[in-house]
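What follows is a set of notes on a single structure, which appears directly below.
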Amino acid sequence: MDDWKASPLAKPFGARKKRSWYLTWKYKLTNQRALRRFCQTGAVLFLLVTVIVNIKLILDTRRAISEANEDLEPEQDYDEALGRLEPPRRRGGGPRRVLDVEVYSSRSKVYVAVDGTTVLEDEAREQGRGIHVIVLNQATGHVMAKRVFDTYSPHEDEAMVLFLNMVAPGRVLICTVKDEGSFHLKDTAKALLRSLGSQAGPALGWRDTWAFVGRKGGPVLGEKHSKSPALSSWGDPVLLKTDVPLSSAEEAECHWADTELNRRRRRFCSKVEGYGSVCSCKDPTPIEFSPDPLPDNKVLNVPVAVIAGNRPNYLYRMLRSLLSAQGVSPQMITVFIDGYYEEPMDVVALFGLRGIQHTPISIKNARVSQHYKASLTATFNLFPEAKFAVVLEEDLDIAVDFFSFLSQSIHLLEEDDSLYCISAWNDQGYEHTAEDPALLYRVETMPGLGWVLRRSLYKEELEPKWPTPEKLWDWDMWMRMPEQRRGRECIIPDVSRSYHFGIVGLNMNGYFHEAYFKKHKFNTVPGVQLRNVDSLKKDAYEVEVHRLLSEAEVLDHSKNPCEDSFLPDTEGHTYVAFIRMEKDDDFTTWTQLAKCLRIWDLDVRGNHRGLWRLFRKKNHFLVVGVPASPYSVKKPPSITPIFLEPPPKEEGAPGAAEQT
Amino acid sequence: MNRINKNVILALLTLTSSAFLLFQLYYYKHYLSAKNGAGLSKSKGSRIGFDSIQWRAVKKFIMLTSSQNVPVFLIDPLILELINKNLEQLKNTSHGSTSECNFFCVPRDFTAFALQYHLWKNEEGWFRIAENMGFQCLKIESKDPRLDGIDSLSGTEIPLHYICKLATHAIHVVVFHERSGNYLWHGHLRLKGHMDRKFVPFRKLQFGRYPGAFDRPELQQVTVDGLEVLIPKDPMHFLEEIPHSRFIECRYKEARAFFQQYLDDSTVEAVTFRKSAKELLQLAAKTLKQLGVRFWLSSGTCLGWYRQCSIIPYSKDVDLGIFIQDYRSNIISAFQDAGLPLKHKFGKVEDSLELSFQGKDDVKLDIFFFYEETDHMWNGGTQAKTGKKFKVPVTSKQ
């Protein structure tokens, strides 16, 4: 039928056909390279996709893990994030990379101009003698420090060496001489100038003029020098003009770990110079101190007002000691700066504290006094719940147990209305007259220099009648006046909890400081337990004084009280001497006694109802003014009070010098 | 043969890779669903709604503040109101046993917290940690108004507001600062030029349109939706304060200009009068507050505040205003109990009522009652047309 054809042929045909299809396919496959390539590419693509999906998976897993962890460790990636937040640095793109610097040195005038801007100009008479030094930031050209060292006078060259050594390598140094800068420029200083690359500096002679620009540790960028022809004349004025190439910001900075603290440090160190190791690249000195907390700290929430002017180096030293004191709470500290000075503000920012600037009102003492008023008002406004405020000044070292001392005594201010203040300073507490860190006194004079002010006293009494700007009064003298003090007393420690280191000041100079402040005793023992604090209350103190006087041994009044042998060479005894004091304000003998005891004699300090308490040769030494003091009753009838006559030439000399 | 082998290898490779790819995709999908469902599956049936972005943002924020010791408490009006309604219930349920997210999951744009600035010990670094936790934060700073009253002080700016955004929800941290007079103050949220105006819908913020003042609240800790938060002990009182909280700073600059022209009277009499007038004002404010009576500075006292940020020394009395509808018959006795005997009573409750109390040191307290008509307000017989609404100004709090 019709399958004859098909059946025998079907298989071979089909097989052949199949085979041919396979062959064709195979042939095509083997021969069409393009297709083969296509397949290969496809496979590779597959592989690639696999890899990508894989990577995505890994990334996703990691993110999920980090998200899960983040709740527990919020600080993770902290530093990374900070790195990203840093503002992008300008890279070389500034308009100019060169500063032109002009330096002028002459007998009566010096000036320095950077890019046409005068950064130093001194032509005042009888002032600014010596070597003026300016430090510029090598990346920005900003003035970082300005100093003058009167190397005509002794020891100033040492200060210069100290300063120049503190300046970071790479900074631009500018020196110029006004009048005379060589007389006391000793070898150490000259060697240092030589190491800076200066030719003329080490050979600087009498009344030479000299201008120098150089990089610290790097090349000299310009120097001019003019020799003085004769002893009686000066070198010709020299004007040095030079170009200073700026370097990149990276070079000018240290590579500190990126932390909050170091960010503050970096900001500070790129602006100012002359603070020593705080800006040292290797091993910088810490700016956070975290002293031990004080157990049961009663003054933790008492605001601390730091009254400051434009003495940033002082402020730096002061804040370091304050922040190292046990029990300090930095967020309670406010620094009040009298004027729009940048550098003190930079110091405040370095320590992460609150700083407030005050437009100066009035002049001299009145300016200080107005600054005090604004600062105190602001302090009580900022801390409306505070019952007290601690008032400090920028030229004080603060004892390690300053807050411990206040914490133990502050309740007295609350409980005893007859108190005016608590002060950390004992006017009569010198190395040779103070002994017992646990002992407190009541005194009629307000010492200041680190003290506690009661809010009610300030708000209700002092603030409304504070001296107005036109009155050139010292605020502290005003506060000591009987109208203000109204018979109230202050609590002071025998051994001061503050130390006055300021040598430059409105009422202060080197001689005065040496004579009255340098030898002041300062407590360095931490955690002193004050003794019998409640006996400082008004009535209890009288009991205490009577007890002391009763057990005191009366000294030999025939001896000269100025002689060392007036007090026997014992230890731990209590002695009493009686001096003549006709009326409450008769301090003739006391002043002479204070003078020969080498303690504060410029006005009367440290008295309590005609009684002074101090230490001599480790013995408690009481001085009673007879007959004005109510304690005169303790005088044995046989004793004649000591009378010391004031030296006649001192008559009419101004008695009172103020304490700054 | 060679070629066939090559092709076979190729095919095999392709097969393995696709199998591997399929496995990867499957695993990935599985993993993703596991991650997303974690919150839900873990607590299926027992915790409802805890995956909302609001709750998550609040949770993160509370974790942040407790780990960094940021002293915050909840002031969000919406949530406080809900909490206030269910306060008893909240206190009774023990920790973590809440099954439903009733409070923090409510849809809203913001959750407002107050930050007690004076208790904040470590301000630094907090911001960055928040940002690392996924928050986008905005800080609004301004000068410290507490220094405004003093000549020419300029200090470090103080933070007024923080807004931290997590996805679509934002935490609004209102910084409360202490002010003299035992109240807490918050500042005006003013955007500076460079700030992103579209960061959050600022118009919907509950706080910051104006500066505000609040009584210092006592706080209590409650567990809300499984989160421990501090809230005011009396949420109702806080909520009631909000509409009246607008704070008007005294115009110190103008006051200084006034004193430059007319000089301040600093005689002993003036100083004592000011002191006793302020004490009297404080006593009156305290008494009226106890009665729940709204009041404002009136007449000379108001002028003194407005013109010189102080009491006018020659005014010799203290004047307050009260709406007549707020009159209570026990006002007189309350003042008497506070040590202020009634001196005069003018008019009647229906007409021109004025009460005059005798304070100490011969300072008098005059209370004028104000009568509202449709288009004006008047008091004490003399019609005092005042277009403006009064608000308790700053001096009454000092």
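The values are calculated or read from the model by the stated rules, or taken from the named source; none is laboratory data. All values derive from a computational prediction rather than experimental measurement. Cβ coordinates were reconstructed from backbone atoms using ideal geometry, including for glycine residues, and neighbour counts include every protein chain displayed. These area figures cover heavy atoms from the full protein model, side chains too; ligands, DNA and RNA do not enter into them. Shrake-Rupley method; radii C 1.70, N 1.55, O 1.52, S 1.80 Å.
Structure above, values below:
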{"read-out": "Complete set of residues in segment B:194-219 that are more than 14 Å from every other protein chain (Cβ to nearest Cβ), open to solvent by less than 70 Å² (accessible area, probe 1.4 Å) and either among the charged types (D, E, K, R) or in a loop (DSSP other than H, G, I, E, B) (or both)", "value": "B:195, B:199, B:200, B:201, B:205, B:207, B:208, B:211, B:217"}
{"read-out": "Count of segment A:595-606 residues which are crowded, with 18+ Cβ neighbours inside 10 Å and free of Cβ contacts under 8 Å to residues at least 24 places away in the same chain", "value": "1"}
{"read-out": "Qualifying positions in segment B:92-143 - modelled with pLDDT of 75 or more, outside any strand (DSSP E or B), open to solvent by 10 Å² or more (accessible area, probe 1.4 Å) and more than 14 Å from every other protein chain (Cβ to nearest Cβ)", "value": "B:101, B:102, B:103, B:105, B:106, B:107, B:108, B:109"}
{"read-out": "From the options A:356, A:333, A:398, A:363, residue that is without any contact (Cβ under 8 Å) to a residue 60 or more places away in the chain, of a type in the set (Val, Ile, Thr) and either open to solvent by 10 Å² or more (accessible area, probe 1.4 Å) or closer than 24 Å to residue A:490 by Cα (or both)", "value": "A:333"}
{"read-out": "Qualifying positions in segment A:567-594 - out of contact with any strand residue (DSSP E or B) (no Cβ under 8 Å at 6 or more places or on another chain), crowded, with 21+ Cβ neighbours inside 10 Å and of a type outside the set (A, V, I, L, M)", "value": "A:592"}
{"read-out": "Strands (runs of 3 or more DSSP E) (entirely within segment A:301-384) containing at least 3 residues that are within 12 Å of chain B (Cβ to nearest Cβ)", "value": "A:333-338, A:354-358"}
{"read-out": "Residues that are under 12 Å from residue A:424 (Cβ atoms) and either among the aliphatic types (A, V, I, L, M) or open to solvent by 10 Å² or more (accessible area, probe 1.4 Å) (or both), drawn from segment A:491-506", "value": "A:491, A:492, A:495, A:499"}
{"read-out": "Residue in segment B:222-229 that is closer than 30 Å to residue B:332 by Cβ and touching a strand residue (DSSP E or B) at 6+ places or on another chain (Cβ under 6 Å) present", "value": "no"}
{"read-out": "Out of A:452, A:400, A:390, sole residue that is more than 14 Å from chain B (Cβ to nearest Cβ), more than 30 Å from residue A:597 (Cβ to Cβ) and out of contact with any Gly (no Cβ under 6 Å at 6 or more places or on another chain)", "value": "A:390"}
{"read-out": "Subset of segment A:42-60 [within 9 Å of chain B (Cβ to nearest Cβ) and over 17 Å from residue B:9 (Cβ atoms)]", "value": "A:49, A:50, A:53, A:54, A:56, A:57, A:60"}
{"read-out": "Candidate set from segment B:159-178 (those that are open to solvent by 10 Å² or more (accessible area, probe 1.4 Å) and not in a loop (DSSP other than H, G, I, E, B)); member that is nearest to the other protein chains (Cβ to nearest Cβ)", "value": "B:178"}
{"read-out": "Any hit, segment A:582-600, residues being outside any helix (DSSP H, G or I) and over 42 Å from the mean Cα position of the chain (by Cα)", "value": "yes"}
{"read-out": "Every residue from segment B:260-287 that is of a type in the set (Ser, Thr, Tyr) and farther than 27 Å from residue B:321 by Cβ", "value": "B:266, B:267"}
{"read-out": "Filtered residue count, segment A:511-544, keeping only those that are under 19 Å from residue A:421 (Cβ atoms), open to solvent by less than 100 Å² (accessible area, probe 1.4 Å) and in contact with a Leu (Cβ under 9 Å, 6 or more places away or on another chain)", "value": "6"}
{"read-out": "Filter result (within 34 Å of the chain's Cα centre (by Cα) and aromatic (Phe, Trp, Tyr)) within segment A:183-232", "value": "A:183, A:210, A:212"}
{"read-out": "Some residue of segment B:231-242 being touching a strand residue (DSSP E or B) at 6+ places or on another chain (Cβ under 8 Å), assigned to a loop (DSSP other than H, G, I, E, B) and open to solvent by less than 20 Å² (accessible area, probe 1.4 Å)", "value": "no"}
{"read-out": "Lone unmet requirement of (1) at pLDDT 85 or above; (2) assigned to a helix (DSSP H, G or I) for residue B:69", "value": "(2)"}
{"read-out": "Pairs where the first residue, in segment B:243-269, is more than 20 Å from residue B:208 (Cα to Cα) and the second is at pLDDT 85 or above and open to solvent by 70 Å² or more (accessible area, probe 1.4 Å), C-beta under 7 Å, 6+ apart", "value": "B:266/A:465"}
{"read-out": "Number of the condition not met by residue B:350 [criteria: (1) open to solvent by 40 Å² or more (accessible area, probe 1.4 Å); (2) more than 16 Å from residue B:275 (Cβ to Cβ); (3) in contact (Cβ under 8 Å) with a residue 12 or more places away in the chain]", "value": "(3)"}
{"read-out": "Qualifying residue in segment A:307-323 (condition: of a type in the set (Val, Ile, Thr) and either in contact with a His (Cβ under 7 Å, 6 or more places away or on another chain) or surrounded by fewer than 22 Cβ atoms within 10 Å (Cβ to Cβ) (or both))", "value": "yes"}
{"read-out": "Wholly enclosed helices (runs of 4 or more DSSP H) of segment A:136-254 bearing at least 2 residues buried (at least 18 other Cβ atoms within 10 Å of the Cβ) and either outside the structural domain of residue A:341 (by the TED database) or touching a strand residue (DSSP E or B) at 6+ places or on another chain (Cβ under 6 Å) (or both)", "value": "A:156-166, A:187-195"}
{"read-out": "Residue list for segment B:302-339, filter: more than 24 Å from residue B:243 (Cα to Cα) and in contact (Cβ under 8 Å) with a residue 60 or more places away in the chain", "value": "B:304, B:309, B:310, B:311"}
